[in-house]
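Engineer: Below is one structure. I have some questions about it.
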Amino acid sequence: MNIIKVSSTSRTAAVAGAIAGTFRDNGRAEVQAIGAGAVNQALKAAVIAGGYLAEEGKMVVLIPSFVEVDVNGEERTAVRMSIELA
């Protein structure tokens, strides 16, 4: 399963669709964002995706965590959100 990477300019509807699709295929989804704007877009997309999945009778939970990632040789802290079945 691939991690869905979100930036501050990502369209929330597109990311929400990717989250819902990944969840349908794998039973879970992982979203990663670096920076306040990106985390904002990722969280909004996760809420929208939760609504899509709730319409199908699937209740999900969001489990956030911090992870260290390498970006062009520089270590950065990212927020990773796991979307899993409740």
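Engineer: Per-residue accessible area for ILE63 at 1.4 Å probe radius, Å² rounded to 10?
Structural biologist: So the heavy atoms of ILE63 present about 80 Å² to solvent.
Engineer: How many Å² of accessible area per residue for the chain, probe 1.4 Å?
Structural biologist: Values: 4980 Å² over 86 residues.
Each residue of the chain exposes 58 Å² on average to a 1.4 Å probe.
Engineer: A further question follows. Just to verify a number: what accessible area does VAL60 come out at with the full protein assembly present, 1.4 Å probe, Å² rounded to tens?
Structural biologist: Estimated to the nearest 10 Å², VAL60 gives 40 Å².
Engineer: Largest first, what is the accessible-area ranking of THR12, THR77 with a 1.4 Å probe? Please list the in-between numbers first.
Structural biologist: Numbers: THR12 35, THR77 70 Å².
Highest to lowest solvent-accessible surface, that is THR77, THR12.
Engineer: Hey, with R₀ at 30 Å, roughly what FRET efficiency would MET1 and ALA36 work out to, going by the Cβ-Cβ distance, to 0.05?
Structural biologist: In this case the efficiency is close to 0.70.
Engineer: Output the antiparallel fraction of DSSP beta bridges having both residues in the chain, as a percent to the nearest 5.
Structural biologist: 85
Engineer: Now for a different question. Just the number, please: carbon plus sulfur as a percent of the accessible area of the range 1-62, 1.4 Å probe, no ligands or DNA/RNA counted.
Structural biologist: Carbon plus sulfur share of accessible area: 53 percent.
Engineer: How about the range 1-65: which GluC sites (Glu not before Pro) there are in a DSSP loop, with at most 14 other Cβ atoms within 10 Å of their Cβ?
Structural biologist: GLU56
Engineer: Got a sec? Charge dipole of the chain, +1 on Cβ for Lys and Arg, -1 for Asp and Glu; which of ALA33, GLY50, SER65 is way out at the positive end?
Structural biologist: GLY50
Engineer: How large is the dipole of the chain about the Cα centre if only Lys and Arg carry +1 and Asp and Glu carry -1, each at its Cβ, rounded to the nearest 20 debye? It would help to have the intermediate numbers written out before the result.
Structural biologist: Working: 8 positive and 9 negative charges, 50 e Å.
So the dipole magnitude of the chain works out to roughly 240 debye.
Engineer: With each run of n ≥ 4 DSSP H residues scored as -39500 (n - 2.57), what mean residue ellipticity at 222 nm is computed for the chain after dividing by its residue count and rounding to the nearest 500 deg cm²/dmol?
Structural biologist: Per the formula, -13500 deg cm²/dmol.
Engineer: Would you kindly state how much longer the chain becomes between GLU56 and ALA14 on full extension, computed as 0.36 nm times their sequence separation minus their alpha carbon distance, in nm to one decimal?
Structural biologist: 13.3 nm
Engineer: Apply the Debye scattering formula to the chain, with a single equal point scatterer on each alpha-carbon and no solvent, then give log10 I(q)/I(0) at q = 0.13, 0.20, 0.24 Å⁻¹.
Structural biologist: Each listed q corresponds, in turn, to -0.37, -0.83, -1.14.
Engineer: Here's something else I'd like to know. Would any residue of the range 20-43 have its amide N under 19 Å from a label point 7 Å out along Cα→Cβ of GLU75? List them or say none.
Structural biologist: Only 33-35 pass the distance filter.
The values are calculated or read from the model by the stated rules, or taken from the named source; none is laboratory data. On a predicted model such as this, the values are computed, not experimentally measured, just so you know. Here the Cβ is made from the backbone with ideal geometry for all residues, glycine too, and neighbour counts use every protein chain on show. Ligands, DNA and RNA are excluded from the accessible area calculation, which covers all protein heavy atoms including side chains. Shrake-Rupley method; radii C 1.70, N 1.55, O 1.52, S 1.80 Å.
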